[in-house]
Amino acid sequence: MLKKQVGVGVLGLFLLAVGCSSTMQQSMADKSLYDRLGGKEAITAVVDDFVARVAADKRINGFFAKANVPRLKMMLVDQICEATGGPCKYTGRDMKSAHKGMGISNADFDALVGDLIASLDKFNVGEREKQELLAALGPMRKDIVEKQ
Ligand code: HEM
């Protein structure tokens, strides 16, 4: 009799644990991309690494020769934070005005996205989050690229 109760107790605990972890997984899945990325601190770490990669990338670093790097980083963090559902407000220029006259090509754009992917991979950002972020930035290509 006692043994049976213990058995039920263990099964009960097991079911409770399974239930809890699936509820936790569910609530994580429901969270904004901003939260799943790890919030502003995690986004700032990715942006720092990404801007350092761009600065070292001979294919595109010429574009940034006169850039205000601290401002660029702040703008990127706010832009990504806002675009992923976070509490920030992007106050920079729209993408068309910000890149006007730079003559950025599709290859330049792809190089920059490649640098971003390398940073996201370095910080072990999940595949789903990576794809969602790239999908949010992808549509900006048409406003940024000015030549083939
Ligand atoms: C999805 C892709 C991109 C995003 C989200 C993005 C975002 C931004 C943002 C937020 C700014 C700051 C605007 C401001 O200061 O008001 C900026 C500026 C700039 N971007 Fe981009 N950009 C992208 C692609 C590119 C590419 C492909 C290049 C060149 C290869 C580029 C070169 C620049 C340069 C040179 C500046 C000016 C920095 C300065 O003058 O301080 N961007 N971009």
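The values are calculated or read from the model by the stated rules, or taken from the named source; none is laboratory data. As the structure is a prediction and not an experimental result, all values here were calculated from the model. Glycine gets a Cβ as well: all are built from the backbone with ideal geometry, and neighbour counts include every protein chain shown. SASA here: full protein model, heavy atoms, side chains in, ligands and nucleic acids out. Shrake-Rupley method; radii C 1.70, N 1.55, O 1.52, S 1.80 Å.
Just checking, which of G85, G92, G101, G126 is surrounded by 14 or more Cβ atoms within 10 Å (Cβ to Cβ) and more than 10 Å from the ligand (Cβ to nearest atom)?
G85
Residues in the range 46-61 that are within 11 Å of the ligand (Cβ to nearest atom), under 24 Å from A135 (Cβ atoms) and open to solvent by less than 60 Å² (accessible area, probe 1.4 Å): how many?
6
If a residue has to be in a loop (DSSP other than H, G, I, E, B) and either of a type in the set (V, I, T) or within 18 Å of C81 (Cβ to Cβ) (or both) to count, how many in the range 127-148 make the cut?
Let us first name the residues in the range 127-148 that are in a loop (DSSP other than H, G, I, E, B), namely 145-146, 148.
Next, from what is left, pick out any that are either of a type in the set (V, I, T) or within 18 Å of C81 (Cβ to Cβ) (or both): 145.
Of the residues in the range 127-148, 1 are in a loop (DSSP other than H, G, I, E, B) and either of a type in the set (V, I, T) or within 18 Å of C81 (Cβ to Cβ) (or both).
Is it the case, given these coordinates, that I43 is modelled with pLDDT of 65 or more, open to solvent by less than 60 Å² (accessible area, probe 1.4 Å) and farther than 19 Å from F123 by Cα?
no
With respect to the numbered conditions (1) assigned to a helix (DSSP H, G or I); (2) closer than 17 Å to T44 by Cβ; (3) within 15 Å of the chain's Cα centre (by Cα), which one is the sole condition not fulfilled by I117?
Status for I117: all satisfied but (2).
Take the residues in the range 62-82 that are of a type outside the set (A, V, I, L, M) and outside any helix (DSSP H, G or I), then tell me which one is nearest to the ligand (Cβ to nearest atom).
Taking the candidates together, the pick is N68.
Can you name the number of the only condition in (1) within 13 Å of the chain's Cα centre (by Cα); (2) away from the ligand (no atom under 11 Å from the Cβ) that K147 fails?
K147 satisfies every listed condition except (1).
Considering only residues that are acidic (D, E) and either touching an Asp or Glu at 6+ places or on another chain (Cβ under 8 Å) or surrounded by fewer than 17 Cβ atoms within 10 Å (Cβ to Cβ) (or both), which ones fall in the range 63-82? Before you say what the answer is, go through the steps one by one.
As a first pass, look at the range 63-82 and keep what is acidic (D, E): 78, 82.
Across the range 63-82, the qualifying residue is only E82.
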